[in-house]
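Presented below is the structure to which this report refers.
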Amino acid sequence: MSNVNQLLKEKLTTENYNRLIALDNPKMHDFVADAIELTRPASVFVCTDSDEDRAYIRELAIKNGEERPLNIPGHTCHFDGYYDQARDKVRTKYLLPPGSELGASLNSIEKAAGVEEVRSFLKDSMVGREMLICFFCLGPINSEFSIPCIQITDSPYVAHSETILYRPGYEQFRKTGASPDFFRFIHSEGELENAVSKNIDNRRVYIDLEENLVYSVNTQYGGNTIGLKKLALRLAINKASKQGWLAEHMFVLGAHGPAGRVTYFAGAFPSACGKTSTSMLTGQTIIGDDIAYLRKKGGQVRCVNVEKGIFGIIRDVNSKDDPVIYEALTKPCEVIFSNVLIDSHSKPHWLGMGKELPTEGINHSGQWQKGKTDANGNEITASHRNARYCLNIPDLGNRDPLLDDPDGVPIGGIIYGGRDSDTWVPVEQAFNWTEGIIIKAAALESETTAATLGKEGVRTFNLMSNLDFLSIPLGRYIRNNLDFARDIENPPMIFSVNYFLKDDNGEYLNGMADKKIWILWAELRVNGDVDAIETPTGLIPKYEDLAKLFKNHIDTQYTQADYIRQFTIRIPENLAKLDRVEKIYKEKVPDTPQILFDTFAEVRKRLKAAQDKYSDYISPFDLTVK
Ligand code: SPV
Ligand code: MN
């Protein structure tokens, strides 16, 4: 018997040992044995795909105080520490082996030193606790897209969240046998105080791309701990780059056109910029809201949701603007609320829920009453601005029937959107794939939000809304995207959207419901049903087509004045944006493909020609239909 086998036999009960050994994968066994030796848990639970095992994890989260039951069956609430409420970009780093380079834009640490540091924080971190070993599958099961994963954690909240968010993988591991091709995640919340991670300064998320392995310690917030979410996305981007497919920060939506036609869209938006609410538009069907894998198959781009659940921002979810989510959040089904306000009747409340909030309760700061301030004298809001809900997509009324299709769905259009108060029009189609990738995706900027630690509202460059998760040099990532559709006869159309355009008084120029119209217009374009107006940067809708869509779908009288305000081409802002973004590529991205600079120059020329011919601000009625 090998040392590994002996250690597993000693540390696991017979039942758990048998479960682990039934998966004939020496690399996985080595990983588990090493984790046990390092963290020294009191016990080990190996989770299979059974309902009983999932229930065990759910109950453990309640028993150890990481979750508390709420007033509706299946609902629980979890709190993260007051300073642990979002992704920590500063302490998330790639472990860089000697001689390798990721570029200055990606945060990294020399590998030997990083491994030593993070392992020192993990050492003995599970003493007195139960280690949970869970198996999941990224993407649908039994599919070319599938990636098996193992998550080791001492947090039943993390494991519970993953049973909601990901497809089960124990049986998938059994099928793949001794294959070394899987992702590995080890997490410990570290020392706790009042059930939250205490040593926040020692919070670390370190990523080893060579080993497809991520370490996370001294943190609980889902974005730092749920290995299969953004940590796996980083591993997947690297894997996809080597294998010729794409891993993206994208929703996948079935847009329902005339006569029952369904056209699938994938859409990339930075966190907290309308991605989930777009994927949930009423009358449409959802495949996924956050992460997609795209592959070419049979001359098409096909796409799957990597997940099967949603870890969504709860702020502003209300019965009027997001009826589908609101319904799921108020009926008996499995939901984990995090960092909301809980009243004395165990009812959850959050900012923007469309109801008056209680003046006291329990929230991420502990016992809370209106007016309470934190150590810096800042008023503590009733719920955190990045408070979340975690639920199963099958519990939503708008689930698309192809959600679990191993072949994925064919993609008709790809949408890029950001939080942009003054430049882009609400919707615009790129002239072709190359311009779409360069002028829409690679030029994306967005104002920062509560989804990451740091100041909000700062305009920042965010390449394809995926910048936070990139694990390859930026130039290579752009080239991969350009090349991806090179041999496809009719690649997906590329669109930009902007829900956040404001007037000079800082008022939004669009209503919450309008986003449905932009998506349905894109659906008509993909199917060749409507003409469009040519601008220097792409193709925008004709007034009549929008007026019809507004009338038929949201029963709104769309005026010519609305149209002009929203679709006026803002030449100075567009030029300034090109300058800002070009500067970043010139100064910070040494491997930028030349075609990016050439395309920027071409578009700048078009913008200037239009400025000479018309003026700084061009009404769409002055431009020609194509
Ligand atoms: C995001 O912030 O983009 C999310 C949630 O989807 S997190 O898990 O924090 O990444
Ligand atoms: Mn996201």
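At-a-glance table
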{"quantity": "Among (1) closer than 24 Å to residue 442 by Cβ; (2) within 16 Å of ligand 1 (Cβ to nearest atom) - the single one residue 308 does not satisfy", "calculated": "(1)"}
{"quantity": "Unique residue being surrounded by fewer than 20 Cβ atoms within 10 Å (Cβ to Cβ), without any contact (Cβ under 8 Å) to a residue 60 or more places away in the chain and either out of contact with any Ser or Thr (no Cβ under 8 Å at 6 or more places or on another chain) or closer than 20 Å to residue 568 by Cα (or both) when the list is 510, 505", "calculated": "505"}
{"quantity": "Unique match (being among the β-branched types (Val, Ile, Thr) and touching a helix residue (DSSP H, G or I) at 6+ places or on another chain (Cβ under 8 Å)) among 325, 342", "calculated": "325"}
{"quantity": "Criterion: open to solvent by less than 50 Å² (accessible area, probe 1.4 Å), of a type outside the set (Phe, Trp, Tyr) and either at pLDDT below 95 or within 16 Å of ligand 2 (Cβ to nearest atom) (or both) - qualifying residue of 288, 366", "calculated": "288"}
{"quantity": "Count of residues meeting criterion [within 16 Å of ligand 2 (Cβ to nearest atom) and among the basic types (Lys, Arg)] in the range 305-328", "calculated": "2"}
{"quantity": "Members of the range 414-439 found to be open to solvent by 20 Å² or more (accessible area, probe 1.4 Å) and more than 20 Å from residue 606 (Cα to Cα), listed by number", "calculated": "419, 421"}
{"quantity": "Where residue 265 falls short, out of the listed (1) within 15 Å of ligand 2 (Cβ to nearest atom); (2) farther than 28 Å from residue 151 by Cβ", "calculated": "(1)"}
{"quantity": "Residues of the range 40-98 classified as within 30 Å of residue 13 (Cα to Cα) and among the basic types (Lys, Arg), total", "calculated": "5"}
{"quantity": "Filter result (open to solvent by less than 10 Å² (accessible area, probe 1.4 Å) and over 16 Å from residue 324 (Cβ atoms)) within the range 395-413", "calculated": "408, 409, 413"}
{"quantity": "Those residues of the range 59-71 which are open to solvent by less than 80 Å² (accessible area, probe 1.4 Å) and either under 22 Å from residue 196 (Cα atoms) or touching a strand residue (DSSP E or B) at 6+ places or on another chain (Cβ under 8 Å) (or both), in sequence order", "calculated": "60, 61, 62, 64, 65, 66, 67, 69, 70"}
{"quantity": "Residue in the range 115-127 that is under 22 Å from residue 33 (Cα atoms) and in a strand (DSSP E or B) present", "calculated": "no"}
{"quantity": "The one condition in (1) free of Cβ contacts under 8 Å to residues at least 40 places away in the same chain; (2) outside any helix (DSSP H, G or I) that residue 140 fails to fulfil", "calculated": "(1)"}
{"quantity": "Candidate set: the range 286-298, residues that are within 13 Å of ligand 1 (Cβ to nearest atom), in contact with a Phe, Trp or Tyr (Cβ under 8 Å, 6 or more places away or on another chain) and not charged (D, E, K, R); chosen: the one nearest to residue 315 (Cα to Cα)", "calculated": "288"}
{"quantity": "So residue 477, is it more than 16 Å from ligand 1 (Cβ to nearest atom) and modelled with pLDDT of 95 or more", "calculated": "yes"}
{"quantity": "Whichever residue in the range 378-394 is more than 17 Å from residue 361 (Cβ to Cβ) and either free of Cβ contacts under 8 Å to residues at least 60 places away in the same chain or hydrophobic (A, V, I, L, M, F, W, C) (or both) and, among such residues, is most open to solvent (accessible area, probe 1.4 Å)", "calculated": "378"}
{"quantity": "Single unsatisfied condition, residue 35 versus (1) part of a helix (DSSP H, G or I); (2) at pLDDT below 95", "calculated": "(2)"}
{"quantity": "Looking only at the range 462-487, and only at residues there that are open to solvent by 30 Å² or more (accessible area, probe 1.4 Å) and more than 16 Å from the chain's Cα centre (by Cα), the one that is nearest to ligand 2 (Cβ to nearest atom)", "calculated": "480"}
{"quantity": "The range 598-624: number of residues that are open to solvent by less than 40 Å² (accessible area, probe 1.4 Å) and modelled with pLDDT under 95", "calculated": "1"}
{"quantity": "Candidate set from the range 90-114 (those that are part of a loop (DSSP other than H, G, I, E, B) and modelled with pLDDT of 95 or more); member that is farthest from residue 466 (Cα to Cα)", "calculated": "97"}
{"quantity": "Filter result for residue 302 (closer than 18 Å to residue 495 by Cα, not in a loop (DSSP other than H, G, I, E, B) and not hydrophobic (A, V, I, L, M, F, W, C))", "calculated": "yes"}
{"quantity": "Matching residues, the range 507-550, being of a type in the set (A, V, I, L, M) and in a helix (DSSP H, G or I)", "calculated": "512, 513, 517, 519, 520, 522, 524, 526, 546, 547, 549"}
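Here is a yes/no grid of residues against (1) assigned by TED's automatic domain parsing to the domain that holds residue 265; (2) modelled with pLDDT of 95 or more; (3) open to solvent by less than 50 Å² (accessible area, probe 1.4 Å); (4) farther than 24 Å from residue 158 by Cα:
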position: 301; (1), (2), (3), (4): yes, yes, yes, yes
position: 321; (1), (2), (3), (4): no, no, no, yes
position: 336; (1), (2), (3), (4): no, yes, yes, no
position: 341; (1), (2), (3), (4): no, yes, yes, no
position: 345; (1), (2), (3), (4): no, yes, no, yes
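The values are calculated or read from the model by the stated rules, or taken from the named source; none is laboratory data. Source: prediction; values computed, not measured. Heads up, the Cβs are rebuilt from the backbone with ideal geometry, glycines too, and the neighbour counts pull from every protein chain shown. The protein model used for the area step is the full one, side chains on, heavy atoms only, and it has no ligands, DNA or RNA in it. Shrake-Rupley method; radii C 1.70, N 1.55, O 1.52, S 1.80 Å.
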